[in-house]
Structures are given as structure tokens and as C-alpha cells.
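Below is one structure, written out as C-alpha cells; comments come after it.
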Amino acid sequence: MHRIILHIDMNSFFASVEQQANPFLRGKPIGVTGKRSSLERSVVAAASIEAKRLGVKTAMSTWEAKRICPSLLLVSGDPKKYSVITKRFNDILRKFSPLVERFSVDESFVDITEQAKDELGAIAIALEIRDQLRKICGELITASIGIAPNKFLAKLASESVKPNGLVFIRPQDAIHFLDTMNLQDACGIGPRTARHLEQLGVISFPQLRALPLDLLVREFKGFGFWLHSVARGQDRAPILATEEKAKSMGHSYTLRHDTWDPHEIRHYLLALSDRVAWRLRRDGFVANAVSVSLRYGDFGGESGEHRFSEPTDDGLTLFRIAWQLMEQWRDPLRSVRLVSIAASKLSTGSVPTSLFKKEQKFASVLPALDRLQRHYGTDAWTRASLLSTRFHERSSGFNYDHEV
């Protein structure tokens, strides 16, 4: 029996959520930006269906988008709002099957082989998901749904029926369907791979199928086996219903203006360190290493890493080491545009008790501060030195709130 896999991809996700939340935006071309201010330094994170029809594209700079579409309305991204809808979306899917894999912020795979049994059952489930999405998330939150025997074909199928379409690809129709698509429509075949294939005389799926396996492996190593399989509509990748444990936790922030001021850079680094430390404690991890990086105004960058002798989940400890690293190589003559810090080599366990009374005192207060954050959110408390340091939230793809 062939598997029955759904790929559900919400249409113009960020923009649709904004239109659902604000009736004034409905039916109008809008672009969701990555910042609440300094629009000239931002990009279009998502364009509404109306904006796409007028030529606006995702990742286009806001000034270029306004040039192409003067009537475009720019809306600042709201990550918390999108997070709520994403959770509702995946909760809906889990009503139909426990085998749900969140592929990105606005798309997921679902294995409904056992639940659907056949084509009619699969289509019925897809229609019910669409109905639930409308009722629970809003009538403007629509999705394209591809149904196929594997993940590769299901995702390609949903891409072929945007926006708001539904298609079922039978196993016997896989080759015919593939031959109607462009190679770069396929998830996994990016511009670099496409250029390499073109050098081999391959610009279509039929031509890819004609290449011998040994040639593909010689040219692409292990990736050649995958290309050989998907060219025939084959993909054995399972649904990954549980997410992998985090290997690192980090935050980055693009400043509202480029700065040379070391005090401003220090304050943002400390604030980011506290956010990383909170996530470590919240999820039961300690860090055995920390890395820090920055990007200059000219888009050059530098980074460094330090490994701890003892694990930590304290923001001040992360900050002190990160700042020492940064000061070793930061160029004071170049303005800073972005600051990033990440805790890595994560493990579970407890943090050794400090020998210093001041640190012991702060550690005793942390559980109460953590309870505040669980109840009231990340900004429930801040250090007095950071009262004037503000994060202006932006959307960032799969993650939220500047997480990396």
C-alpha cells in the first residue's frame, strides 16, 4: 500500500494573518516588513496575493516594492501573532494524525495513510482541514494542499496549485506530473544545483531521468542518489513527527541604525544574553560554549567562540565571555549593524554553585524571575542598566523574536 502524504502550505502567510486581523487591509496590496521602523532598511518578508499580482515579491527591498507598486501598504511584522496562528494550524493537523512534521512557519507534512485509506478519504480529510483552518484561524487564512505518495511529490504538488488549490497525485501519475514542472520548482534543487545540471545538459525532469546513476553520484556525491530517486517520483523520507533536540540557542538583532558606540553594542549584547539564558533555563539546558558574531554596516562580519570549563545558564556569564571575545577582534572604525550571540554544546543538568556571594544571591532570585517570564512573557523583567534598550520585533522565517 502506498503512503498518503499531505503537504499543507498556507498562502501568503504573514500578509494573510495581517489582513485577517485588520479588515482595513483586506483586498489591498500589502507587504509585511521585517521592522517596525526604518523601512528603507527593511525588506518585504511576505506580500499579499493582491501585491503579488502587481509584481511585488518576497525578499524584495521595500523601496523597490513601493516603486513597482506605489499603492502598496507596508505593515510591520508581528511575530507573536504569527506564532499563535502557526500553533493553531499544527494543532488542527494533529486532530487528524499524530504524524505531523512542521516544515516551516507556514507549512507542514501529515501522514494520513491509516486514517484516509484511499483517495476519497484523503480528499475528505484535506477538505475538513481547510474548513477547520477557516473556522479556527480565520476565513482569510487559506492553504494550498498537495496529496501524494511521498513528501517530495506532495510539496511539489501544493506548489503547483497556489493559491488555495488542492491536488491529488496518484502513484501511476507521478512521472507525468513531474514532467509538467520545472526542475527548480522542486524543493532541494536550488540555483546552484540547477546550474550544475545545466552544465550536464539537464534542464528538465525527463533529461534528469536519462542520466545514469553513476554519473550523478560522480558529479553530486551522495546527493546524486536523491536526484536519481526524485526524478522518478520516489522519496522514502519519513515524516519526522518529533523535532530534534536543540543543538544551540541564540538571538540576533539588527540595530535600527548603524552604530560605533561600544556602550550601545554592550547593552544589546547583554540583553540578548539574558534572552538566550532564559530559553536555556526554560527548556532545561545548560551551555558548554558560547559564540558571538557581529555584522558591520558594510555587511562584512566577524565571529568567535569560547568553551566553558563549567556549564552555565546565566545571562551575565554568557555576556562577559562574549564581550571579551568581541573586543579581541571588533574594528572600532567600522559601524555595527547586527549583533548575535548563541549558546551551544547544550546538555541537561545543573549548574555548579558559584563561590561568590553576589552571584549566589542573583542565582537565588532567578527562579522567581523565571516564573514571571513564564507567566507574563520575555519582557517581564529587565536589568536596570537595560531600561533604555528596546528590541523592535521583526519576523524571521521559521523562528520568532530574533531567535537563531
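If contacts are Cα pairs under 8 angstrom and at least 6 residues apart, what is the relative contact order of the stretch 246-367 in percent? Worked out over the stretch 246-367, it gives 39 percent. The residues packed around residue 323, meaning those with a beta-carbon under 11 Å from its beta-carbon, carry a net charge of +2 if Lys and Arg are +1 and Asp and Glu are -1.
Pick out which of 325, 372, 240 has the largest mean-square fluctuation in a Gaussian network model of the chain, springs linking Cα atoms closer than 10 Å. For the chain, modelled as a Gaussian network with Cα springs under 10 Å, the answer is 372. Hey, can you grab everything whose amide H is under 5 Å from the amide H of residue 166? Only 5+ residues off in sequence or another chain; H modelled, so Pro and N-termini drop out. Correct list: 145. Which residue fluctuates the most in the chain, going by a Gaussian network model with Cα springs under 10 Å, if the choices are 222, 138, 188? In this elastic network of the chain, the residue with the biggest mean-square fluctuation among 222, 138, 188 is 222. 3J(HN,Hα) along the stretch 55-62: x, 7, 10, 4, 6, 6, 5, 5 Hz, from the Karplus curve 6.51 cos²θ - 1.76 cosθ + 1.60 with θ = phi - 60°, whole Hz, x for Gly and Pro. Under a 5 Å amide H cut-off, with hydrogens placed 1.01 Å from N, residue 105 pairs with 398 among residues at least 5 apart or on other chains. Relative to the Cα centre, the charge distribution of the chain, modelled as +1 at Lys and Arg Cβ and -1 at Asp and Glu Cβ, gives a dipole magnitude of about 680 debye. Legend: calculated FRET efficiency, residue 115 to residue 385, from the Cβ-Cβ distance at R0 = 51 Å, rounded to 0.05, equals 0.40. Can you tell me the FRET efficiency between residue 363 and residue 136 if r is taken as the Cβ-Cβ distance and R0 is 35 Å, rounded to the nearest 0.05? About 0.25, to the nearest 0.05. For residue 255, the amide hydrogen comes within under 5 Å of the amide hydrogens of 338, 339, counting only partners 5 or more places away or on other chains and with H modelled in the peptide plane. Considering only 14, 24, 205, the Gaussian network model of the chain with Cα springs below 10 Å gives its largest mean-square fluctuation to 24. Using θ = phi - 60° in the Karplus curve 6.51 cos²θ - 1.76 cosθ + 1.60, the 3J(HN,Hα) couplings for the stretch 3-8 round to 5, 10, 10, 9, 10, 10 Hz; x is entered for Gly and Pro. Membrane-span-like helices of the chain, defined as complete DSSP H segments with a Cα extent of 24 Å or more along the helix axis and a mean Kyte hydropathy of at least 0.0, are identified as 119-137. As a rough guide to protection, the peptides 100-107, 53-60 ranked by mean Cβ packing within 10 Å, highest first, stand as 100-107, 53-60.
Applying the Kirkwood pairwise sum to the alpha-carbon positions of the chain produces a hydrodynamic radius of 23.9 angstrom.
The numbers here are math on the coordinates, done by the rules we state, and not lab data. The structure presented is a predicted model; accordingly, all values stated were derived computationally and were not measured. Glycine gets a Cβ as well: all are built from the backbone with ideal geometry, and neighbour counts include every protein chain shown.
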